[in-house]
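Nothing in this text is a laboratory measurement; each read-out follows from the coordinates by a stated rule. None of these values were measured; they are calculated from a predicted model. Quick reminder, even Gly has a Cβ in these numbers, built from the backbone with ideal geometry, and neighbours come from all protein chains shown.
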Amino acid sequence: MNVTVILEVLPFALASAVSPLLFTIALLVASQKKASTLKSLLFILGSGLAITIIGFLIFFVLSEVSPGSTYTNTDARIDLLIGLVLVVFALHKFFVSNPKKAKAKKTLNDFEALSLGFGFMLVNASTIIMFVPAAHVASYYAYTVKLTLLAIMVVFSLIPAIAPPMLLWIIRSPRKVTAIKNFINRNGRYIIAAVFGLIGIFEIIKAMQFFLK
């Protein structure tokens with residue numbers, strides 16, 4: 001697999017890492033007073049299990065819908081639909097969606113940390129939706145390449161879960177970490193809207209270029 005293939009998926013991988021809610025929950029888990037490192041690892045594991053299962057299903061299903069090695073009318077229609085959905089999603093985030101307040105128990109046991117990561121990733125639409133265009137790109141390639149691209153997507157999607165414990169370890173200042181959390185809570189919806197809107201427009205342009213040629 002060459003670098004070009006990875007670059008095709010990279011925008012979607014980067015966008016899958018834009019998840020303010022998952023970041024905030026992971027920060028709350030990492031701030032636990034007892035065994036915070038273990039609980040953070042379990043939270044990451046739970047999130048990873050969830051997104052791997054979802055991602056595998058998305059990659060497999062879309063590969064069945066659009067198999068082959070050439071860009072066809074079906075592929076262009078899929079890209080157009082994906083682009084429209086992403087633009088609508090971005091507009092909804094920007095104008096309608098209210099930021100969700102992240103909540104976690106003051107004291108989590110190990111199983112709760114694991115299940116919290118799994119559960120939040122299952123409903124993490126801003127991450128899951130990016131696996132669809134990535135799967136469409138992967139549909140052109142062999143099974144081993146699909147698995148590699150899926151692994152890249154999974155790793156990037158876990159960045160919001162991995163970053164908080166690392167920040168706490170590096171910064172070692174609860175006040176600064178809280179300031180980062182508050183900034184993300186205030187502006188997360190606009191960041192998502194901007195990223196998803198740009199990718200949606202890119203997908204629409206890609207499809208329209210095919211129809212108009």
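Before moving on, here are some points about what is shown:
- Within a Gaussian network of the chain (alpha carbon springs, distance under 10 Å), most fluctuating of LYS34, LYS146, LYS93: LYS34
- Helices in the chain, meaning DSSP H runs of at least 4 residues, each add -39500 (n - 2.57). Divided by all residues, the mean residue ellipticity at 222 nm is -27000 deg cm²/dmol.
- Within a Gaussian network of the chain (alpha carbon springs, distance under 10 Å), most fluctuating of TYR71, TYR140, TYR190: TYR71
- FRET efficiency, 1/(1 + (r/R0)^6) with R0 22 Å, evaluated for LEU7 and THR72 via beta carbons: 0.50
- Max mean-square fluctuation residue, GNM over the chain, Cα-Cα springs under 10 Å, options PRO160, PRO11, PRO20: PRO11
- Protection proxy ranking, peptides 126-137, 178-189, average beta carbon neighbours within 10 Å, highest first: 126-137, 178-189
- Rg(Cα)/(2.2 N^0.38 Å) for the chain, N = residue count: 1.08
- Within the chain, helices built from complete DSSP H runs that reach 30 Å or longer along their own axis (Cα positions) and carry a mean Kyte-Doolittle hydropathy of 1.6 or higher are 36-65.
- Label-to-label distance, THR178 versus SER115, with points set 7 angstrom from Cα along the beta-carbon direction: 3.0 nm.
- Over all distinct Cα-Cα pairs of segment 137-213, the Kirkwood formula returns a hydrodynamic radius of 15.9 Å.
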